[in-house]
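The structure under discussion appears below in the form of C-alpha cells.
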Amino acid sequence: MSPFSEAVHPVDLDVLERIQRRVLWLSTYMIHYANHVRPNADAIKVGGHQASCASSVGILTAYYFGAAEPEDLIAIKPHAAPVYHAIQYLLGGLAEEKMRELRAFGGLQSYPCRLKDPDAFHFSTGSVGFGAVMPHFMSLARHYVTDHFGYEKRPRFLSLMGDAELDEGNVWEALSEDSLQKLGRVIWMVDLNRQSLDRVVPTGRAQKVKSSLSSFGFHVIEVKYGSRLEAAFAKPGGAKLRARIDEMPNSEYQALLRMRASGQMAELLCRRPEGPDGELAELLAGETDLPGLVSDLGGHDLRKLLAAFAEANTVTDRPVAIVAYTVKGWGLPLAGDPTNHSRLLTDEQMEELRGGLGIAAGAEISGFAAGSAEARACEAARRRVGLERDLTRRTVAARIPQSLEREYTGEIATQQAFGNVMSELARMPEARRRLVTASPDVAVSTGLGGWLQKVGVYSPEDEIDYFGEQAVPVALKWKQGRAGQHVELGISENNLFLMLGALGVTSDLLGEPLAPVGTVYDTFISRGLDALHYAVYNGGKFIVVGTPSGISLGPEGGLHQSLMPPSFGIESPMITYYEPCFAKEMEWILLEGIRRILEDSKAESVYLRLSTVPQRQELFPSGRGGLREDVLRGGYRLVDYSGRAEYAPGVNVVNLFTCGAMVPPAVAASEELAAEELFVNVIAVTSPDLLHRGWVQARRARMKGRAAGHHLEALVPERERGCPLVTVMDGHPHALSYLGSVFGAKTVPLGVDQYGQSGARLELYEHYEISVAAMVKAAIEAIG
C-alpha cells in the first residue's frame, strides 16, 4: 500500500498495522511477564492494566509513527504506561532488560514518572486528572518564556487520557481558566472506551464530553467509526445500521462486543418492537465477520487517526480534542468485558495471542529484523521524535542577594515583610528577571500588591488598561500584557499548584529556568493538596507562601484558621517547610529559596507559612554570629539562660520549642517564669520540617554504622538533653511534639487540634490553650 497522503508524515499503513500489532503484544506481554513469569517473592498480584493499554495502542501508534514532531511534549494516561514503554523499546529508547522490570524495584514505575522512569516521560501522570491538563498549563508557561526570554521553539503540548478520567473535577476547573482557553498547539487525545474501573459509563457521556469541550473553546474532532463500518453504512440499509449503533445504550453495545456468534449479533441488531428489520438483516447477512465489523471503531483505524492528527495540525488558535472511540481490551480475549479493567490474561490466553500475532516462541520481547520495512519505519520515527533531547534541569546564576540592606524595626508581620521583600526585588532588574508569581485571585490580600504595581500581570496578549487610558484613579494598577510577571488565576487552588508546577519545570522542558512564587490562603492549601503533591512529584521547583495562617487570623474564624498545613509540611517529600516569626528570618529564607531553585539542580520546593500578626522586631538577635545559617537549618536559641549561676538542668530548666506567631508569647512566658527561677529556654524553630528530617536521617545513618549529627544536637547541649520540653504551635500540636522523642524527654505539647472560630486573637489563644498563661502552666507541668 502506498503511503497515506493525509498523514502528518508519510507512512505505509500496512507497515504501521504490523507495528501496531507488535506494540499490542509487547505492552500486554510486559504486564504478563511481571505477574506470571518474573519471580515474585511477595506472592501477591503485581498488577497492570492490559485492557486499558489495548484501547490506546492505535492512538499512540498513529501518533508516534505518523504524527509526532521533534519538540512535542506529551502526557500519557497512567494505565497506558506499558504502551509508551513498548514504543520506546521499538524506537531504541529503552533497553530490552527494562521491559522485564515493569513494577520492579529500580525498574519501570507503575505509572509514568518523569523523575524515575529511564525513557523520558515528559509528564508524570499517576494521579488521574492532573497529567491530563498539565500540557495546558505548560503551554501557558511556554508563552511566558517566549515573551520574556525570546524562546523560539513552538512545541505542541499533547495529552492522552481515558474518558473516565474526565470525571475528575480538576479537569474542568482547569478548562474554566480563561487564560488557557485560547492556547493553540494543545492537543487532547481522548481514549473513549466507554468503561471506567468498575462499570460501563452511563449512556450519553460521550455527547456530554464533546459538547463540554466545545463550550470551553476546543476544536473537537470525532473519530467514531472505522473504515469497515463506514463502508457498511454506505450500503443499502447502512443508514439503519448506523442509527441502530448510534442510538443503543452503552451497555447494549458492550454486550454486543462480547458476542462471538454472528447470527446472535444480527438478531439483536435487527430487533424492532414491530418485528425484525428485513433491510438491515439483508445487509448483515452479507457480512462474514459481524463481530469484527461491529467493533470497528475509529480509535483503532490508523487511517482515521492519522487524518485526525493532520486536521489537528491545521488548528492553531485554540486547543484541539481528538475524541477517539475505542474498545477497552481491543485485540484481547477480554475485549469489552465490563470487568476487564485490572484482569490479566492467563498463560493459555497469552499463548493463543502470541500465535495470533505471529510472535515466535522465545522471542517474546523483540523488535523488528534489521533492514525490514518495520525497522526502517521505527528508525524514521526515532529521528523525528527527538529521543536525544536533553531534558535535564538547567541552572543559571541567580543574582539574588543573601540579604537586603535593611533593618526591620517596630512591629511587622511576616506577610507584610514578604510583600516588602518582593517589592524590593521588583526594583532590582537582574534579581527579578526570572521571578514570576501566581495567585488564585488573592494576590493583593496575600502581600503581592506592591510587586504587582511594579511588574504587572502576565497575559499572552496585551490588554487595554481602560482605567489608565481614561486616568481613572485606582488603588492598584492592573496592567495586563506580555511583559507582566504575575499570573493571576481564578479561585482554584488546583490551578494554582498546576501553574506553579508548569512554571517550575520550564528549566527542564524548555531550557529556561524560572523561580515561581505562589501565594494562597494557608488553610486552602488543603483544597489543592493533591495538585501540590503532583506538581512536586512531577519535578516542579517553586515557592508556596501560605498566608495568613492559624487561629492568629483572629475574627476570620472557622475553616479560614488553618491547623493542618504544618503536618503535611513535615510529611511531604521534596518540599521544605518553613515558618518564620521575624521579618529578617522570612527575608533570608525567601531569598535563599529563590537562589537555590535557580542555581541548584537538586533544590527542593519551599513552603513558607506566614502570619498577619505584627511582631516586635527588637526581639530578633540580629547581630549574632552564624544566625542566618541557623535560621536556614531550622532554628536557633532565642532565649538562653544557660549562663545564669542558678541554672541547673534536671532541676529548673525547660526547653520550649515554638515557631511563627507563637515565638513572642513564648518569650513573655519565659520571662515571667525566670522571675521564679524556672529557666525556660526558647528555641525559635524556623523549620519543623528540617529539624525532623535531620534527626531521622542521622538516626538512619547511625543504624548503618556511620557517624552523623543533626541540628537539634547543636540547639540542645548534651547536659540539657534530659530536660523536659514544651512545644507550642499555632497549628496541630503533633507538628512539634515529635521533639520529645529526639532525646527521650518528657514533653507537654500545645497546639490547636480543633477547628477555629471567630474572636479576638488573645481570646482564641486562651481558648485553645496556646496563650502565655497556658505556656507558663505547661512549663510548670513539665518540670513536675
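The values are calculated or read from the model by the stated rules, or taken from the named source; none is laboratory data. Note that this is a predicted model, so its numbers are computed, not measured. Methodologically, a virtual Cβ is constructed for each residue, glycine included, from the backbone with ideal geometry; neighbour enumeration extends over all protein chains shown. Remember, those area values only see protein heavy atoms, side chains included, never the ligands or the DNA or RNA. Shrake-Rupley method; radii C 1.70, N 1.55, O 1.52, S 1.80 Å.
Below, the figures for the structure above:
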item	result
Apportionment of accessible area to carbon and sulfur, the chain, percent (1.4 Å)	50
Read-out mean projected area of the Cα convex hull in nm², derived from the coordinates shown; its label in [x] 38.6; [y] 46.7; [z] 40.3	[z]
Rounded D (µm²/s) - segment 1-87, Kirkwood Rh over Cα pairs, Stokes-Einstein at 20 °C, 1.002 mPa s	151
For residue 747, distant residues with modelled amide H under 5 Å away	725
Farthest positive-ward along segment 662-729 dipole, Cα basis, beta-carbon charges - from 666, 680, 697	697
For a label point 7 Å along the Cα-to-beta-carbon line of residue 42, residues of segment 75-103 with backbone N under 15 Å	101-103
Mean separation of Cα contacts under 8 Å, 6 or more apart, over the residue count of the chain: relative contact order %	12
Packing-based ranking, highest mean first, of 421-432, 73-84, 684-695, 522-533 given that Cβ atoms within 10 Å are counted	73-84, 684-695, 522-533, 421-432
In Hz, Karplus ³J(HN,Hα) per residue of segment 428-441 (6.51, -1.76, 1.60; θ = phi - 60°; x = Gly, Pro)	10, x, 6, 5, 8, 3, 9, 7, 9, 10, 8, 7, x, 6
Space enclosed by the convex hull of the alpha-carbon atoms of segment 642-784, per residue, Å³	107
Karplus (6.51, -1.76, 1.60) ³J(HN,Hα), θ = phi - 60°, over segment 161-170, in Hz, Gly and Pro reported as x	9, x, 5, 5, 5, 6, 6, 5, x, 5
Calculated [θ] (222 nm, deg cm²/dmol) that DSSP helices of n ≥ 4 give over the chain, each run adding -39,500 (n - 2.57)	-11500 deg cm²/dmol
Translational diffusion coefficient (Stokes-Einstein; Kirkwood radius from C-alpha pairs) of segment 227-325 at 10 °C, 1.306 mPa s, in µm²/s	106
Å² per residue, accessible surface of segment 514-570 at 1.4 Å	24
Rounded Å value of the spacing that divides the Cα centres of segment 419-477 and segment 710-784	40
By accessible area with a 1.4 Å probe, ligands and nucleic acids excluded, highest first: order of 29, 144	29, 144
Extension gain from residue 197 to residue 311, taking 0.36 nm per residue of separation minus the Cα-Cα distance	37.9 nm
Accessible area of segment 304-398 divided out per residue, in Å², using a probe of 1.4 angstrom	44
Lys, Arg +1 and Asp, Glu -1 on Cβ, resulting dipole of the chain about Cα centre, debye, nearest 20	1460
Length gained when the stretch residue 644-residue 246 is fully extended (0.36 nm per residue, less Cα-Cα span)	134.6 nm
Label-point gap, in nm, between residue 766 and residue 216 - each point 7 angstrom along Cα→Cβ	5.1
Kyte-Doolittle at least -0.5, axis length at least 20 Å by Cα - qualifying DSSP helices, the chain	13-32, 50-66, 130-149, 583-599
Accessible surface, per residue, of segment 138-266 when the full set of protein chains is kept, probe 1.4 Å, Å²	40
Largest-first principal axis extents, alpha carbons of segment 376-480, Å	71, 41, 24
Distance violations [Cα-Cα > 24 Å] among 45/77; 77/328; 45/602; 77/304	45/602
Average projected area [Cα convex hull, segment 305-403], square nanometres	14.4
5 angstrom amide H check on residue 226, placed H, neighbours 5+ away	297, 298
Candidate lysines - alpha carbon under 16 Å from residue 98, same-chain residues fewer than 8 apart omitted	116
For residue 544, residues with placed amide H under 5 Å, excluding near neighbours	518, 606, 607, 608
